[in-house]
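Input: a single structure, listed below in structure tokens.
The values are calculated or read from the model by the stated rules, or taken from the named source; none is laboratory data. Every value quoted in this text rests on a predicted model; they were computed, and no experiment measured them. FYI the Cβ positions are ideal-geometry reconstructions off the backbone, even for glycines, and counts take in every protein chain you see. Just so you know, the surface numbers come from the protein's heavy atoms only, side chains and all, with ligands and any DNA or RNA stripped out. Shrake-Rupley method; radii C 1.70, N 1.55, O 1.52, S 1.80 Å.
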Amino acid sequence: MEKLLLLGDEAIAQGAIDAGMSGIYGYPGTPSTEIIEYVQRSKTAQERNIHRKWSANEKTAAEAALGMSYAGKRSMCTMKHVGLNVAADCFMNSAITGANGGTIVTVADDPSMHSSQNEQDSRIYGKFAMIPIFEPSNQQECYDMTFHAFEISEKYQIPIMMRLTTRLSHSRSGVATKDMIAENELKLPEDKRQFVLLPAIARRRYKMLLDNQVKFETESENSPFNKFIGGSDKSKGIIACGIAYNYLMENYTDSTCPFPVLKVSQYPLPRKMVEKITSECKEILVLEEGAPMIEEMLKGYLGDCLNIRGRLDGTLPRDGELNPNLVLQAINGEKVEMNLIPEEVKGRPPQFCKGCGHIDAYNAIKEVMADYGDGHVLSDIGCYTLAALPPFQSINSCVDMGASITMAKGAADSGLFPVIATIGDSTFTHSGMTGLLDAVIEGTNIVVMILDNSTTGMTGGQDSHALDRLVSICEGLGVEKDHITRVNPIKQNHEALVELIRKEIAYNGVSVIIPTRECMQTLKRKLKKK
Amino acid sequence: MKKDIILCGVGGQGILSIATVIGYAAVDSGLYLKQAEVHGMSQRGGDVQSHFRISDKEIFSDLIPFGGADMILSVEPMESLRYLPYLSKNGWVITNDKPFNNIVNYPETEDVYKQIKKLDNHILINADDIAKEIGSPRSMNMVMIGAASSFLGIEFDKLIEGIKFIFGRKGEEMVNLNVKALEAGKAFAEKFNK
Ligand SMILES: Cc1ncc(C[n+]2csc(CCOP(=O)(O)OP(=O)(O)O)c2C)c(N)n1
């Protein structure tokens, strides 16, 4: 038995490799990125030639992983929580097709929005799709559960959701590993129509999914990861999910928790265990990271007849991540004494790196847009979103990947003029291309600026699908050649870029400007390697 | 034995190298470890912190509770104050004195020092200068570990092993410089407390 020091993300990756995974697919997104990065560094993955390249977006990743499962091999796709919105079409339907080779959808949620647009709870998607969900509480469980999840996936021919949250994804601890097992052989599904979701087949498959619910519940009852821990003080029972279990136990390191505790790390909820704790205890406190999903399930619509405490009744905050102090306070009302932060301490928001090409692009945009006032630049998600902060304060939207171009289109359709969309190269190939096609077809009057730093910068510099392809993609989508321009965003070219933006604003139709200069961080790394 | 440490600074200052050295030493000493790192957004010149926990018993939470940290180890003075809510009653603040000024409203340095000096248990160290004197300006982080070394509950030799583990690839010269930085930090802290 070997013991490795691994992030939660890395423990999932190592677990998947050791459990015979043949391919991993995904699109970067904090806090999920390190899963694939670990596989990309792994010697074993190299030797076994495990698929480990990034995908264009989460939907293509989920579909490729499902395709590998179709062919009988074990696969995984990874994403951050908002990535699941992109992959949702495949995700929901894959619950109906089911799996052939074991397949896991690993989603890392970001409660408190450390680096995200929202804090949606992926467990709700898992419940929506009616598939088993695993929610590890520590790094060892990340590793062990990956093995178990592949087994359950194959046993019931069902995709599995693995749900992580930031603190586990990005926290390191010792993990004991197991012997590596062989990959599956190529093997097509026995029923060659399993994956054909024509209504007649889909109806049959859906019934199977419904029938399987009881079995999934039984798996949860017998799961090594769900635990009922007795306690003598039945005035309160505590249901602790995933990492919330650690926050609970943190308060009893030198004593034992007097209350009965149900640790939940595998869903659907283990019904018998829930019935045991709710019937034994006067009051139930639900600790869950993210949304009050279980709390709502227990409470139902009518609410307080059951004495359920949690995020809905104010015992815990409705939003944001949990911590040991919040949990203790929910148990006994005790507030910890703590020092205050002196007023000398000022905020230190993230900023553009020195020398970043985005700075030059926005300098030009700012100068041009001074003539029109604030409100004409729709943007997207990436390092270039930092232009929302001082000193630029130049952009007016950041919603979801690709929305800059399409929102610009809608605004232009409404009569706003001029409208500029700023979008990163990786975001463009993730979800910007289809929106550009919409604009081309209607000849919408917008200027699209693809800020090309030749990498996926925000998430740490992963390869970008857009590399050296942007011009040909835009041409292929039908943008007029004369209105596709690459420029090098450097100080000397400032005037030229300003002129170019003015000229393209004057053109009534779709223009694409591509300021292209490599990201300072990836450049530094390359120079270091040399 | 249990030590809960908030490591902090500004993105790009390399607080993770501190975590790696102490982490190696801790695991080498047979201790449990949990270390919540920062990734993503905050790395772009923003504030960064890492929750670093070592213990001879199983550790549950990845986060240190408020009021529970035995030490705040900071490579930047204003940042050391940001995490005071985590500090326990008898906890130590050990911080580099060199401001990293990348914001327009950075406070007067003297005001920051005043706040640090108000704390009963603190070490304010000119780690950048010390590293420069040794001839290895980039070893500031190792000076900081040295300054913290007597509060870590880990043998000093194990920290040296940690440095060898990390810098070994870069040659003996690098290892020696960093060990020197470690020792200089320790010497400073010993004097500071007299
Ligand atoms: C659906 C979705 N997937 C992933 C992310 C995470 N994410 C935010 S920005 C970004 C990278 C953007 O790269 P690029 O467009 O090239 O811009 P850069 O950061 O390099 O400027 C990623 C992967 C997200 N917010 N939403």
The number of residues in the range A:183-200 that are small (Gly, Ala, Ser) and under 29 Å from the mean Cα position of the chain (by Cα) is 0
Residues of the range A:313-334 being open to solvent by less than 70 Å² (accessible area, probe 1.4 Å) and more than 25 Å from residue A:256 (Cα to Cα), in sequence order, are A:313, A:314, A:317, A:320
Do the conditions hold for residue A:275, that is, is it among the acidic types (Asp, Glu) and within 30 Å of residue B:100 (Cβ to Cβ)?
no
Give me the pairs: first residue in the range A:317-334 and under 18 Å from residue A:119 (Cα atoms), second residue part of a helix (DSSP H, G or I) and small (Gly, Ala, Ser), beta-carbon distance under 6 Å, and six or more apart or on different chains, which are they?
A:322/A:244
Number of positions in the range A:330-353 that are more than 30 Å from the chain's Cα centre (by Cα) and closer than 30 Å to residue A:269 by Cβ:
4
Going through (1) within 21 Å of residue B:139 (Cβ to Cβ); (2) out of contact with any Ser or Thr (no Cβ under 6 Å at 6 or more places or on another chain) one by one, residue B:49 fails only at (1)
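Among the residues of the range A:10-35, how many are acidic (Asp, Glu) and buried (at least 24 other Cβ atoms within 10 Å of the Cβ)? Talk me through it step by step, then tell me what you get.
Let us first name the residues in the range A:10-35 that are acidic (Asp, Glu), namely A:10, A:18, A:34.
The next check asks that each one be buried (at least 24 other Cβ atoms within 10 Å of the Cβ); those that pass are A:10, A:34.
The total comes to 2.
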Out of A:173, A:116, A:122, I need the residue that is under 14 Å from residue A:31 (Cβ atoms) and open to solvent by 10 Å² or more (accessible area, probe 1.4 Å). Which one?
A:116
Tell me, which helices (runs of 4 or more DSSP H) lie completely within the range A:215-322 with 2 or more residues that are within 14 Å of chain B (Cβ to nearest Cβ) and touching a Phe, Trp or Tyr at 6+ places or on another chain (Cβ under 8 Å)?
A:244-250
Can you tell me which residue in the range A:351-391 is nearest to the ligand (Cβ to nearest atom), limited to those that are without any contact (Cβ under 8 Å) to a residue 40 or more places away in the chain, in a loop (DSSP other than H, G, I, E, B) and within 14 Å of chain B (Cβ to nearest Cβ)?
A:352
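List the helices (runs of 4 or more DSSP H) inside the range A:1-85, counting only whole elements, that have at least 1 residues being within 14 Å of chain B (Cβ to nearest Cβ).
A:8-18, A:34-41
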Among the residues of the range A:182-214, write down those that are surrounded by 14 or more Cβ atoms within 10 Å (Cβ to Cβ) and within 24 Å of residue A:144 (Cα to Cα).
A:183, A:184, A:212
Are there any pairs with C-beta distances below 6 angstrom linking a residue in the range A:463-475 that is of a type outside the set (Asp, Glu) to a residue that is within 15 Å of the ligand (Cβ to nearest atom) and open to solvent by 30 Å² or more (accessible area, probe 1.4 Å), with the two at least 6 apart or on different chains, and if so which?
A:467/A:454
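Residues are listed down the side, and each one gets a yes or a no for (1) assigned to a helix (DSSP H, G or I); (2) away from the ligand (no atom under 16 Å from the Cβ); (3) within 13 Å of chain B (Cβ to nearest Cβ); (4) in contact with a helix residue (DSSP H, G or I) (Cβ under 7 Å, 6 or more places away or on another chain):
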position: A:90; (1), (2), (3), (4): yes, no, no, yes
position: A:99; (1), (2), (3), (4): no, yes, no, yes
position: A:115; (1), (2), (3), (4): no, no, yes, yes
position: A:120; (1), (2), (3), (4): no, no, no, yes
position: A:125; (1), (2), (3), (4): yes, no, no, yes
position: A:131; (1), (2), (3), (4): no, yes, no, yes
position: A:141; (1), (2), (3), (4): yes, yes, yes, no
position: A:164; (1), (2), (3), (4): no, no, yes, yes
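If you take the residues of the range A:430-454 that are within 16 Å of the ligand (Cβ to nearest atom) and open to solvent by 10 Å² or more (accessible area, probe 1.4 Å), which of them is farthest from residue A:521 (Cα to Cα)?
This residue is A:434.
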Can you find, within the range A:66-88, the residue that is farthest from residue A:119 (Cα to Cα) among those that are within 16 Å of the ligand (Cβ to nearest atom) and of a type in the set (A, V, I, L, M, F, W, C)?
A:77
Top-ranked residue of the range A:101-113 - restricted to ones that are buried (at least 24 other Cβ atoms within 10 Å of the Cβ) and within 14 Å of another protein chain (Cβ to nearest Cβ), ranked as farthest from the ligand (Cβ to nearest atom)
A:109
If you check residue B:193 against the conditions, is it without any contact (Cβ under 8 Å) to a residue 24 or more places away in the chain, surrounded by fewer than 21 Cβ atoms within 10 Å (Cβ to Cβ) and among the polar types (S, T, N, Q)?
no
